[in-house]
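Reviewing the structure listed below.
The values are calculated or read from the model by the stated rules, or taken from the named source; none is laboratory data. Predicted, not measured: the structure shown is a model, and the values here were computed from it. Neighbour counts are summed over all protein chains in view; Cβ atoms, including those assigned to glycine, are modelled from backbone coordinates with ideal geometry. Protein only, heavy atoms only, side chains kept; ligands, DNA and RNA dropped before computing areas. Shrake-Rupley method; radii C 1.70, N 1.55, O 1.52, S 1.80 Å.
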Amino acid sequence: MQTITIIKPDDFHLHLRDGIALSNVVNHTAAQFSRAIVMPNLKSPVVNTEMALAYKERILQCVDEKYNFEPLMTLYLTDNTSVSTIKTAAESNIIKALKYYPAGATTNSDQGVTDIKKTYAVLNVMMEDSMPLLVHGEVTGDDVDMFDREAVFIDKVLTPLVRDFPELKIVFEHITTRAAVDFVMGSSDKIGATITPQHILLNRNDLFKGGLQPHHYCLPILKAEDDRQAVSEAATSGNPKFFLGTDSAPHARSTKESSCGCAGIYSAFNALEIYVEAFDSLGKLDKFEAFASQYGADYYDLPQNIEQMTLIKKEQDIPDLFPFGDDEIVPFRAGGTCSWQLKK
Ligand code: DOR
Ligand code: ZN
């Protein structure tokens with residue numbers, strides 16, 4: 001039977017939510033990953049170090065004792081984030097990055113940034129302190145087509161931002177387009193990008209195949225096949241700018257299967273196995289360990305994990321549902337199979 005043994009990986013983009021939902025999902029991640037960059041877009045966003053410390057405690061309380069899992073905390077950037085908030089965060093050693101949501105771009109982004117220029121004083125301090133800015137790279141507003149929002153963001157926001165702050169570390173999160181791949185490849189080593197399993201595997205046809213597929217709806221939305229190919233090639237290229245970030249984003253089934261459904265794909269149950277399957281199908285297994293376990297840690301100046309993990313090429317069933325508070329959650333590829341699994 002084919003196996004692959006790798007340094008235990010990290011997830012550099014994860015939504016864990018809070019309360020009972022947190023306790024329902026966190027151990028799926030802890031079973032596969034050593035560390036995860038935890039997004040701060042709670043209903044009441046995590047805007048300072050004190051809130052992040054309290055959230056980290058709540059996360060750790062829900063982690064099964066058999067796992068050695070470290071949540072890496074982030075803060076939510078607003079128009080009003082102060083320089084002293086950044087200073088405290090940088091000195092804390094707890095906060096690994098700030099997340100920039102353009103206001104109104106996605107789930108719980110209402111308190112996000114209305115104009116990046118309003119944060120320039122803060123970005124200056126982040127640049128000096130080597131604190132990365134994690135970017136949800138989509139413009140908002142009805143004047144821009146849904147499928148063009150990432151490409152327009154590159155032209156209108158990201159290109160000027162990189163020009164104004166050439167030494168600022170920026171992670172272009174969950175990239176979905178050839179334009180984003182080209183932008184990252186053409187930028188300095190300060191610019192990295194995370195890549196999700198769904199943007200490697202799916203294109204926008206998968207939103208409509210056989211009827212509307214609410215569990216394939218995420219933001220940035222799935223793009224055309226040419227974009228998917230570019231993203232998939234970037235992930236498997238061995239370029240250290242591209243690393244693993246699942247963007248696993250749990251929402252209750254009733255809020256996904258709804259007349260106005262939430263954005264987010266829940267992949268935490270077996271994201272690692274789905275990535276491995278994708279790399280294997282492309283004949284790129286040799287590129288997998290660095291993408292999953294090395295490039296992200298290097299980008300964030302974190303030590304590489306010491307533990308190892310083995311995956312086996314053996315089919316596993318993916319459950320239809322998991323409990324989620326008083327509702328349920330439908331995982332990515334629910335009811336299907338994955339041709340790889342973790343060695344128990
Ligand atoms: O699909 C998404 N879901 N994209 C995001 O940017 C946010 C996330 C969430 O928090 O649900
Ligand atoms: Zn996200």
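Listing for the model above:
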read-out	value
Matching residues in segment 114-151 - criterion: being of a type in the set (A, V, I, L, M) and over 19 Å from the mean Cα position of the chain (by Cα)	Ile116, Ala121, Val122, Leu123, Val125, Met126, Met127, Val144, Met146
Residue in segment 56-66 that is polar (S, T, N, Q) and either surrounded by 18 or more Cβ atoms within 10 Å (Cβ to Cβ) or touching a Gly at 6+ places or on another chain (Cβ under 8 Å) (or both) present	no
Residue in segment 268-285 that is open to solvent by 10 Å² or more (accessible area, probe 1.4 Å), within 15 Å of Gln32 (Cα to Cα) and in contact with a helix residue (DSSP H, G or I) (Cβ under 8 Å, 6 or more places away or on another chain) present	yes
Residue satisfying all of: in segment 142-153; open to solvent by 10 Å² or more (accessible area, probe 1.4 Å) and touching a residue at least 12 places away in the same chain (Cβ under 8 Å); nearest to ligand 2 (Cβ to nearest atom) among these	Arg149
Filter result (within 16 Å of ligand 2 (Cβ to nearest atom), out of contact with any Cys (no Cβ under 9 Å at 6 or more places or on another chain) and farther than 16 Å from Leu75 by Cβ) within segment 107-130	Asp110
Residue within segment 299-311 that is part of a loop (DSSP other than H, G, I, E, B) and of a type in the set (Phe, Trp, Tyr) present	yes
Condition met for Ala121 (more than 13 Å from ligand 1 (Cβ to nearest atom), open to solvent by 60 Å² or more (accessible area, probe 1.4 Å), out of contact with any Asp or Glu (no Cβ under 9 Å at 6 or more places or on another chain) and among the hydrophobic types (A, V, I, L, M, F, W, C))	yes
Strands (runs of 3 or more DSSP E) wholly inside segment 1-77 containing at least 2 residues that are under 23 Å from His174 (Cβ atoms), of a type outside the set (A, V, I, L, M) and within 16 Å of ligand 2 (Cβ to nearest atom)	10-14, 70-76
Those residues of segment 188-202 which are more than 15 Å from Ile221 (Cβ to Cβ) and either assigned to a strand (DSSP E or B) or without any contact (Cβ under 8 Å) to a residue 40 or more places away in the chain (or both), in sequence order	Ser188, Lys190, Ile191, Gly192, Ala193, Thr194, Ile195
Pairs with Cβ under 6 Å, 6+ apart, first in segment 15-35 and over 12 Å from Gln61 (Cβ atoms), second among the polar types (S, T, N, Q)	Ser34/Asn305
Residue in segment 203-228 that is most open to solvent (accessible area, probe 1.4 Å), counting only those that are closer than 20 Å to Leu282 by Cα and free of Cβ contacts under 8 Å to residues at least 24 places away in the same chain	Glu225
Qualifying residue in segment 291-309 (condition: farther than 15 Å from Gly245 by Cβ, more than 16 Å from ligand 1 (Cβ to nearest atom), touching a Leu at 6+ places or on another chain (Cβ under 9 Å) and modelled with pLDDT of 95 or more)	yes
Members of segment 71-85 that are over 14 Å from Lys118 (Cβ atoms) and touching a residue at least 40 places away in the same chain (Cβ under 8 Å)	Pro71, Leu72, Thr74
Conditions (1) more than 23 Å from Lys284 (Cβ to Cβ); (2) charged (D, E, K, R); (3) within 18 Å of the chain's Cα centre (by Cα): number failed by Arg253	(3)
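Every residue, every condition in (1) open to solvent by 20 Å² or more (accessible area, probe 1.4 Å); (2) modelled with pLDDT of 95 or more; (3) out of contact with any strand residue (DSSP E or B) (no Cβ under 8 Å at 6 or more places or on another chain), yes or no:
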site: Val139; (1), (2), (3): yes, yes, no
site: Val162; (1), (2), (3): yes, yes, no
site: Val171; (1), (2), (3): no, yes, no
site: Arg178; (1), (2), (3): yes, yes, yes
site: Val184; (1), (2), (3): no, yes, no
site: Ser187; (1), (2), (3): yes, yes, yes
site: His199; (1), (2), (3): no, yes, yes
site: Ala230; (1), (2), (3): no, yes, yes
